[in-house]
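Values in this text are rule-based calculations from the coordinates and carry no lab data. Given the structure is predicted, the values throughout are model-derived calculations rather than measurements. For neighbour counting, all protein chains shown are included, and Cβ atoms are generated from backbone atoms with ideal geometry for every residue, glycine included.
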Amino acid sequence: MNTAEFDRMFAIEETHWWYRGRRALVRHALDTYAPLQRPLRILDVACATGMSFRFLSDYGHVRGIDISEETIRLCGERGITDIVRSDAMALPFRDNSFDVILALDAFEHFDDDVAAMAETHRVLRPGGVLVATVPAFMALWSPHDEAYHHCRRYRRPQLQGRLEQAGYRTERMSYSSMTLFLPVLALRKWRNRNPTPVEEATSDFSVPMPAPAEWLASAITRTEVAVEKRVDLPFGVSLYGVLRKD
């Protein structure tokens, strides 16, 4: 991922409406599906700038892995040190080590995503849960994906099938950001009109939004998250899944 995008993520993720919505879904998943005993042993795979350490610390002990020296440096700026620099394809932990695995926009980065999924399954204890988010629908492919070095975007049957191939049982799976799907599609079609080299690609977060649009997107996301906690959505910009290791 481009270094500038890590810096941008670090600057906005604590307050940006998209990240806040994702955090609300993750907490709901833990409240609903995670093992009951506390404290939980949580592993954040491809932990990026370490926000999970802040918003999940009340659930238990969080550890992180990431391959990027830049993200580990940014985590250090937040006082987060319990991170291992490692490839997620070969996690440096024993079998059955964690109660919860987070893979928040992680699997789309791996050439062999099933192998990465199987590796998370290995280190998750029986009865534990994986909470995963990924980008949805290749029709939304744009410089945003190139800036983040994505390999693919998923449809629900594809993601669910690959996770079950890796050994998981699906508890639930839903699309997210349904209401914003058409505006995001329009934005990305517009951005695709003028292709840029991959090394110059930037994420959607680099595109300025007027304050009223930011407020509206935040309100829509809050409402939609409240709905998604109860029902699965039929399409959206992202996919959100909760899987269990039996």
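Among beta bridges identified by DSSP and lying wholly in the chain, the antiparallel ones come to about 45 percent. Residues of segment 201-226 with the amide nitrogen closer than 17 Å to a label point 7 Å from the Cα of R193, along Cα-to-Cβ, please. Of the residues in segment 201-226, 207-208 have backbone N under 17 Å from the label point off R193. Between the amide H of L239 and those of V134, A136, S176, distances stay under 5 Å, these residues lying 5 or more places away or on another chain, with hydrogens modeled in the peptide plane. Tell me the Kirkwood radius of segment 147-196: reciprocal of the mean inverse pair distance over distinct alpha-carbon atoms, in Å. Taking the inverse mean of 1/r over all distinct Cα pairs, segment 147-196 comes out at 13.5 Å.
What the phi angles of segment 19-33 give under the Karplus curve with 6.51, -1.76 and 1.60, with θ = phi - 60°, is a coupling list of 5, 5, x, 5, 5, 5, 5, 5, 4, 4, 4, 5, 5, 8, 10 Hz, glycine and proline written as x. Binning the C-alpha pair distances of segment 187-246 at 5 Å intervals from 0 yields a P(r) profile of 3, 11, 17, 18, 16, 16, 10, 6, 2, 0 %, listed from the shortest bin outward. Among rounded, prolate and oblate, which fits segment 126-246 when a ≥ b ≥ c are the square roots of the eigenvalues of its C-alpha gyration tensor, a/c under 1.5 means rounded, and a/b larger than b/c means prolate? Since a/c reaches 1.5 but b/c is at least a/b, the shape of segment 126-246 is classed as oblate. Kindly state, to the nearest 0.05, the FRET efficiency for R20 paired with Q165, given R0 = 30 Å and r defined as their beta-carbon distance. Efficiency, from the Cβ-Cβ distance: 0.40. Model label points for L182 and R38, set 7 angstrom from Cα along the Cα-to-Cβ axis, are 4.2 nm apart.
Sequence-ordered 3J(HN,Hα) estimates for segment 4-12 from the Karplus curve with 6.51, -1.76 and 1.60 and θ = phi - 60° stand at 4, 6, 4, 4, 5, 4, 4, 6, 10 Hz, glycine and proline given as x. Taking only the C-alpha atoms of segment 3-244, the Rg (one decimal) and the largest Cα-Cα distance, Dmax (whole number), read 17.1, 52 Å.
With K and R counted +1 and D and E -1, the other residues having a Cβ less than 12 Å from that of F205 yield a net charge of -4.
Rounded to the nearest Hz, the phi-derived 3J(HN,Hα) couplings of segment 214-225 under the Karplus curve 6.51 cos²θ - 1.76 cosθ + 1.60 (θ = phi - 60°) are 4, 4, 5, 4, 5, 5, 4, 5, 4, 5, 5, 4, where x marks glycine and proline.
What spacing in nm lies between the two simple spin-label points modelled at E200 and A115, each 7 Å away from Cα in the Cβ direction? Rounded to a tenth, the inter-label distance reads 3.4 nm.
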